Amino acid sequence: RSVYDGEEHGRFMEKLEARIRNHDREIEKMCNFHYQGFVDSITELLKVRGEAQKLKNQVTDTNRKLQNEGKELIIAMEELKQCRLQQRNISATVDKLTLCLPVLEMYSKLREQMKSKRHYPALKTLEHLEHTYLPQVSHYRFCKIMVDNIPKLREEIKEVSMSDLKDFLESIRKHSDKIGETAMKQAQQQRNLDNIVSQHPRISGGKKSKKEVCASSDLEVKNTSPMSEQDSGILDVEDEDEDEEVPGAQDLVDFSPVYRCLHIYSVLGARETFENYYRKQRRKQARLVLQPPSNMHETLDGYRKYFNQIVGFFVVEDHILHTTQGLVNRAYIDELWEMALSKTIAALRTHSSYCSDPSLVLDLKNLIVLFADTLQGYGFPVNQLFDMLLEIQDQYSETLLKKWSGVFSGLLPGLLLGPGRANLNSCQHPVRGEIYATHQRRPEQPFPKKFPFSEFVPKVYNQIKEFIYACLKFSEDLHLSSTEVDDMIRKSTNLLLTRTLSNCLQNVIKRKNVGLTEVGRGFEETRFLGRVTGAGLDARHAAEEEIYTNLNQKIDQFLQLADYDWMAMEPGSKASDYLVDLIGFLRSTFAVFTHLPGDVDVHSTMSGKVAQTACMSACKHLSTSLMQLLLEAEVRQLTLGALQQFNLDVEECER
């Protein structure tokens, strides 16, 4: 910087050039000193190059020879190398296959089990595969695929087992009536056996009967093992002859689908889901079973099929209750039974009300009793059913009353208005011991005997007996005390006498074509029947009223023939003809009343009383009517002769 900044630039350049020349001279001097050595070295190098070329040629030739000689060895070495590699790979492959083959075998076994619907073994195989085999080979891709498929397989097992359960539920829904029919046949057989044992108590101490052994065997579980391979819900059972043993209700059903599905869901940790589903579906089926057909009341078969389905439903549930742990419990069963009981009773009340045939009502009662006894044998309370039967008994009585009303309506007119006395031609005649015994005070008469009543009384009496027998049939197997049965029969019979029979008698007595004689006899027959049956009949009072009414009507008819000449100057020599005829009619009528058939002590009591009352009624009515003749508005003038004639008529009446 000092050179450039100053004025000595030229001088500096001169010094620099001089310095360069000095260095060049030193370099040249040094080169000259070593030049000969350099030339010698170049010469040596040229010699070395020639020798190197020779050596190169020799090496190349040697290499070519070596390559030619080692080519086969190289090939052999390559082959050995490949063999060793393959051997190592094979050994590794065998080791890996040793681990993988059990996995593949287990998976193949799993698929085979699922294909053959062995769901529970398939689930156990799946658990073993997942926890024992797959962890050893988890790094392989196919194992990862298996691991990913395990949840799908579990879900598939659940779905298939649920499908089997649905098939089972559908099957038992369709076959509930068959199951119930079998259970009710069993109950009927057991009841018949109990009746035989009660009639022959000495045989009860012997060996168990075949029926008892069969019934006890029904309590055992059929195909309870979840490993069972049978999936059908209902087993085929051919119809049995009446003399052959009826199979147990549980023998008709294969419950293995339920057990397998329950166990599978339990293993999969979804037991609660399964229980809720099962109970929900069975509740739906219960509602369907409890819905009666609209025409159930038309035939007994309609009721029988309805009861069979209900019994079949609860037989299945009772078996599930006792052969599974918690799938259903007693509270659930009781809830279903309460619902079934209320709906069944409501349906029976509705449909039985349509029935007007007492035979069908009686058959229905017997069917209800068998239905109740069957379910009671499985531990279900049935008191409400028997209470409901007492209600049906009232309806049964009403249907009997309607039937006997028709019987009486067809029987009474011909009997009551027919011949006056009944004949007894044989000492074996049923009337002798039933009605004639009430007249033991009568002296013995040779056959044929004549009763103090018409054929009306014994035939009506026999109809009353038939009615009582019909009522007694209904009281059988209702577990009623003798007092309760007596009260029931007494109530129904009183209605028959006081309402049905009385109404029929009144209808006959009040017919327009019935004369006073027939009415009087009807009164006596009714009175006698009342004495025999011990019941008071309103028809007696109706007969009395009818007597009085008819008598007064006859008097009015005679009075219409009265033809007084109120302006007559002289009276006649005798009473008026109409009045004489009237008095003759009354005389004959009262004679009939006082000679009606009856006991020897009746003439002065019932018949005499009726005649006396009729006479008083007739006199009062005649007196009033005669007074009305005098007081008629049309009679404006009276002569003494007319009054004297009227007085003759009054005196004739008094006489």
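The values are calculated or read from the model by the stated rules, or taken from the named source; none is laboratory data. Everything numeric in this text was worked out from a predicted model, so none of it was measured. In this analysis, Cβ positions are derived from the backbone assuming ideal geometry, glycine residues included, and neighbour counts consider all displayed protein chains. Note: accessible area is taken over every heavy atom of the protein model, side chains too, but ligands, DNA and RNA are not part of it. Shrake-Rupley method; radii C 1.70, N 1.55, O 1.52, S 1.80 Å.
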Met339, sole failed condition from (1) touching a residue at least 12 places away in the same chain (Cβ under 8 Å); (2) surrounded by fewer than 17 Cβ atoms within 10 Å (Cβ to Cβ); (3) over 23 Å from Arg283 (Cβ atoms): (3)
Residue ID - farthest from Gly326 (Cα to Cα), chosen from residues in segment 284-308 that are open to solvent by 50 Å² or more (accessible area, probe 1.4 Å) and part of a helix (DSSP H, G or I): Glu298
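Scan Glu272, Glu317, Glu245 and give me the residue that is modelled with pLDDT of 85 or more and either open to solvent by less than 70 Å² (accessible area, probe 1.4 Å) or within 19 Å of Thr350 (Cα to Cα) (or both). Spell out the reasoning first.
Working: Glu272 fails: either open to solvent by less than 70 Å² (accessible area, probe 1.4 Å) or within 19 Å of Thr350 (Cα to Cα) (or both); Glu245 fails: modelled with pLDDT of 85 or more.
Answer to the selection: Glu317.
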Test set (1) within 26 Å of Gln186 (Cα to Cα); (2) surrounded by 14 or more Cβ atoms within 10 Å (Cβ to Cβ); (3) of a type outside the set (S, T, N, Q) - Tyr396 fails condition number: (1)
All positions within segment 116-160 that are in the same structural domain as Ser256 (by the TED database), among the charged types (D, E, K, R) and without any contact (Cβ under 8 Å) to a residue 24 or more places away in the chain: Arg141, Lys144, Asp148, Lys152, Glu155, Glu159
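Being more than 30 Å from His128 (Cβ to Cβ), open to solvent by less than 50 Å² (accessible area, probe 1.4 Å) and modelled with pLDDT of 90 or more narrows it down to one residue among Gln281, Gln250; which is it?
Numbers: Gln250 fails: modelled with pLDDT of 90 or more.
Result: Gln281 is the single residue among Gln281, Gln250 that is more than 30 Å from His128 (Cβ to Cβ), open to solvent by less than 50 Å² (accessible area, probe 1.4 Å) and modelled with pLDDT of 90 or more.
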